[in-house]
Amino acid sequence: MVNNPVPKGDIFGELGISTNKKIITNIGRVTVQKGQFYLLQAAKIVLREFPDVHFLVVGDDKTDQKLAAELRQLVKAENLSAHITFAGVRQDVPQILAITDVFAFPSLWEGFALVSLEVMAAGVPMVATDVGSIREVLIDGENGLIVPPKDAEALADGIKFMLRDPERAKAMGLRGTKAVEEKFAIENTVRGYEEMYLGGIGNHGIGGGQ
């Protein structure tokens, strides 16, 4: 929880983005794994229908500097510079999510992506690729949208779906929050019982012996 949240207008101003823009955010290291290349391809498609959209790529762009340079060159070559911001590492992710209309998760592979939980907990509607454990928290069409990896067209379609129907997108985001809260509330309860049980074994031995 942020004790002193920065006003949304200040975040827009700091990032150099007009406050009337719809924000599509991606958070993750700039690497092949995180799929930002496909996000940029999707951006071209989305912008044809929604020219008031701005794409915000947040995360370390120093790990693969060659790829980061190639992506920036692609943005320039496609005349997308006015619509895409590489924000680098940020310490204000909650505030970034507060200005986000749709979260794009274009990874090519993942284990358990913690950022997906943070996004859902914040109530932000998400379009995610079908990788790793995403289906453990995201139900396609219910609390988000799931699309195939390496498919810029499908990713763009998912983003446009959210932008065309913001009320439905908002409802998906709220259901995402509920899903995360319920799932981890249950897991926390189970963990509590496990700790009690294991503590009992440690104090008394199996079977309640001395």
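The values are calculated or read from the model by the stated rules, or taken from the named source; none is laboratory data. In this text, all values refer to a predicted model and were calculated from it rather than measured experimentally. Because the Cβ atoms are built from the backbone with ideal geometry, glycine has one as well, and the counts that use them run over all protein chains shown.
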Of all residues in region 8-27, which are assigned to a helix (DSSP H, G or I) and touching a strand residue (DSSP E or B) at 6+ places or on another chain (Cβ under 9 Å)?
F12, L15
Long-range neighbours under 8 Å by Cβ, at least six apart or interchain, first residue within 16 Å of E70 (Cα to Cα) within region 30-52, second surrounded by fewer than 18 Cβ atoms within 10 Å (Cβ to Cβ) and aromatic (F, W, Y):
V30/F86; Q33/W109
Is one or more of the residues making up region 83-105 farther than 14 Å from I27 by Cα and modelled with pLDDT under 95?
no
All-but-one check, V30 against (1) in contact with a strand residue (DSSP E or B) (Cβ under 6 Å, 6 or more places away or on another chain); (2) surrounded by 20 or more Cβ atoms within 10 Å (Cβ to Cβ); (3) in a loop (DSSP other than H, G, I, E, B), failing number (1)
With surrounded by 19 or more Cβ atoms within 10 Å (Cβ to Cβ) and over 11 Å from the mean Cα position of the chain (by Cα) as the only criterion, which of F112, F103, F55, F86 stands out?
F55
Across region 115-131, what is the total count of residues that are crowded, with 17+ Cβ neighbours inside 10 Å and part of a loop (DSSP other than H, G, I, E, B)?
5
